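Report on the following structure.
The values are calculated or read from the model by the stated rules, or taken from the named source; none is laboratory data. All values derive from a computational prediction rather than experimental measurement. Note that we place each Cβ from the backbone using ideal geometry, even for glycine, and neighbour counts take in every protein chain shown.
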Amino acid sequence: MTATRSGQNPGDSGTRDLYWFQSDLRLEDNPGLLQHAGGDALLCLYCLQDPPAWCNNSGTGQQRRRFLLESLAALNRQLEGLGQTLLVIQGDPRSIIPLLVRKYRMQRVGTSYAAGFYEAQQRSFLQRNLPIPLSVHPGNSLFDERQLPGGLAGLPDHFAGFRRMMEHQPVVPPVGLPAALPPVPKGVYRSRLPTAEALPAMAFPARGGGLSGQQRLTGFLHGRRAVDTYKDTRNALQGEYTSSGLSPWLANGGLSVRSVAHALMDYEQTTCRNESTRWLYQELLWREYFHWRERIDRNRLFAATGIARKRHLRTFEPRAYARWCQGDTDFPLVNALMRQLCATGFMSNRGRQIAASCLVNELNLDWRYGAAFFEKHLIDFDLASNYGNWQYIAGVGCDPRGGRHFNLEKQAQLYDPDGLFTQTWGGFRPRQPEFITDAADWPIGDGVNR
């Protein structure tokens, strides 16, 4: 990337740290960063990379990329307020970090835990090949592993057991904003951050960055007091404050989940505590459960048979998958949901369940293709939650009922009875033939004798 001089001029001696940001794009309540903020120089790094191609999907959707770039720009502004800067480099950290360590004579490297197979590969490579230690700090979770009764080995197979085990566990108070940070090492160049393109309006106004996340949290709790009725509105397919809307910032770490939990607890003590506020906390626990399951399940999270090791007979009909992705199926509500996702990077929780059930049960497709499509487009993509929830719907995950099959007509009657949502997002599509090849896989003719 194009660069300009940072203007920093610290000495070349003393302790030098490199902190590698991943899914913790914030300064507030970032214990990993604080562990590396006591030296004489600090290099803050983010490696911009597309996810590997997977299940017929590659690259990152426009809205997800926009939200990430906005989050990086917001983090950089915060760092500049403390005399620092964020070095953003396009590429693989396995190549970038060793070069920076050698060039700037780093003595320590730190990062916070990020979920995923490739992320684990990158950490393992760096731990083996760097000449200095790589410290991996806890990720964006409510609890420390030491708070889990029995540790990871004692994690229940289903969420209900986890909820009973953890709902009364204290959440560690978040740490605040660092008062100061060491200067940038001499010779480091400022990145010229890429800017997001102008894109269509979003389903709700989600702009990247910790400040925007804090404003959303304050508005949901105190401005609108929408949390008071959250249990009644959370299944709505659309609406600015029908859900908390915090997931985009939680996903890339613009918001700390501990900060959200403590803000909710303060609200319950000072303003209102009811079924809806408790339901929101249950949703945080649901996210937390998948956070810890990922540590155990590892590669099983991406296996067709899931963590349950249940084999389902599936076909891959590329036309059916393409129609689902484009919102051009025979199910109008599903079409509207998929078109909303592609245009805005957002889909409600209820909508995700409906769309996933359609792919798995009506189209008989491998759940992983749906999960990969969501990974590409969702601005709130969270690896553990996304793949864990898809397994849950497909019946190969942690659902004791063995999967969920939604009646799509009933769902439309319940959540879009007047068809307004479906109409708004262009869900009513012309019907198409189910197949365009005959039994011998030859193209169907036009009926004219040749």
From the option list HIS312, HIS262, HIS291, single residue qualifying as surrounded by fewer than 16 Cβ atoms within 10 Å (Cβ to Cβ) and either at positive phi or in contact (Cβ under 8 Å) with a residue 60 or more places away in the chain (or both) is HIS312
Result of the Cβ filter at 9 Å on the range 337-356, keeping first residues that are assigned by TED's automatic domain parsing to the domain that holds SER243 and surrounded by fewer than 22 Cβ atoms within 10 Å (Cβ to Cβ) and partners that are assigned to a helix (DSSP H, G or I) and of a type in the set (A, V, I, L, M, F, W, C), at least 6 apart or interchain, is none
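Hey, among the residues in the range 375-397 that are part of a loop (DSSP other than H, G, I, E, B) and in contact with a helix residue (DSSP H, G or I) (Cβ under 6 Å, 6 or more places away or on another chain), which one's farthest from TYR289 (Cα to Cα)? Show your work before the answer.
Filtering the range 375-397 down to residues part of a loop (DSSP other than H, G, I, E, B) leaves 378-382, 395-397.
Filter once more, keeping what is in contact with a helix residue (DSSP H, G or I) (Cβ under 6 Å, 6 or more places away or on another chain): 379-382, 397.
Numbers: ILE379: 21, ASP380: 17, PHE381: 16, ASP382: 13, GLY397: 12 Å.
Only one residue fits best here, namely ILE379.
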Those residues of the range 234-247 which are surrounded by fewer than 17 Cβ atoms within 10 Å (Cβ to Cβ) and closer than 24 Å to ARG258 by Cα amount to GLU240
Of the residues in the range 397-409 that are over 13 Å from SER357 (Cα atoms) and buried (at least 16 other Cβ atoms within 10 Å of the Cβ), the one that is modelled with the highest pLDDT is GLY397
Q: State whether one or more residues within the range 2-17 are touching a helix residue (DSSP H, G or I) at 6+ places or on another chain (Cβ under 6 Å), of a type outside the set (Gly, Ala, Ser) and modelled with pLDDT of 95 or more.
A: no
(1) within 20 Å of ALA384 (Cβ to Cβ); (2) surrounded by fewer than 15 Cβ atoms within 10 Å (Cβ to Cβ) all hold for GLY306 apart from (2)
Taking the conditions exactly as written (out of contact with any helix residue (DSSP H, G or I) (no Cβ under 8 Å at 6 or more places or on another chain), charged (D, E, K, R) and touching a residue at least 60 places away in the same chain (Cβ under 8 Å)), does ARG234 satisfy them or not?
no
Check: Would the range 359-375 turn up any residue that is modelled with pLDDT of 95 or more, over 29 Å from TYR113 (Cα atoms) and in contact with a Gly (Cβ under 6 Å, 6 or more places away or on another chain)?
Finding: yes
Original post:
Given the structure, is PRO200 modelled with pLDDT of 85 or more, in a loop (DSSP other than H, G, I, E, B) and outside the structural domain of THR277 (by TED's automatic domain parsing)?
Top reply: no
Of the candidates GLU294, GLU283, GLU275, the one satisfying the condition of being more than 30 Å from TRP367 (Cα to Cα), at pLDDT 95 or above and not β-branched (Val, Ile, Thr) is GLU275
ALA179 vs (1) among the aliphatic types (A, V, I, L, M); (2) under 26 Å from the mean Cα position of the chain (by Cα); (3) loosely packed, with under 15 Cβ neighbours inside 10 Å: all pass except (2)
For the range 24-66, the count of residues that are farther than 21 Å from GLY81 by Cα and either in contact with a Pro (Cβ under 6 Å, 6 or more places away or on another chain) or small (Gly, Ala, Ser) (or both) equals 5
Note: among LEU408, LEU383, just one is over 22 Å from the mean Cα position of the chain (by Cα) and touching a residue at least 40 places away in the same chain (Cβ under 8 Å), namely LEU408
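Looking only at strands (runs of 3 or more DSSP E) that fall completely inside the range 15-134, which ones have 3 or more residues that are without any contact (Cβ under 8 Å) to a residue 24 or more places away in the chain?
On the way: elements: 16-21, 41-48, 86-90, 108-112.
Fully inside the range 15-134 and qualifying: nothing.
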Would you call ASP328 surrounded by fewer than 23 Cβ atoms within 10 Å (Cβ to Cβ), in contact with a Phe, Trp or Tyr (Cβ under 7 Å, 6 or more places away or on another chain) and not hydroxyl-bearing (Ser, Thr, Tyr)? no
**Message:** Criterion first (without any contact (Cβ under 8 Å) to a residue 24 or more places away in the chain, in a loop (DSSP other than H, G, I, E, B), on the phi < 0 side of the Ramachandran plot and not β-branched (Val, Ile, Thr)) does ARG401 satisfy it?
**Reply:** yes
Scanning the range 212-269 residue by residue, those in a loop (DSSP other than H, G, I, E, B) and among the charged types (D, E, K, R) turn out to be ARG224, ARG225, ARG234, GLU240
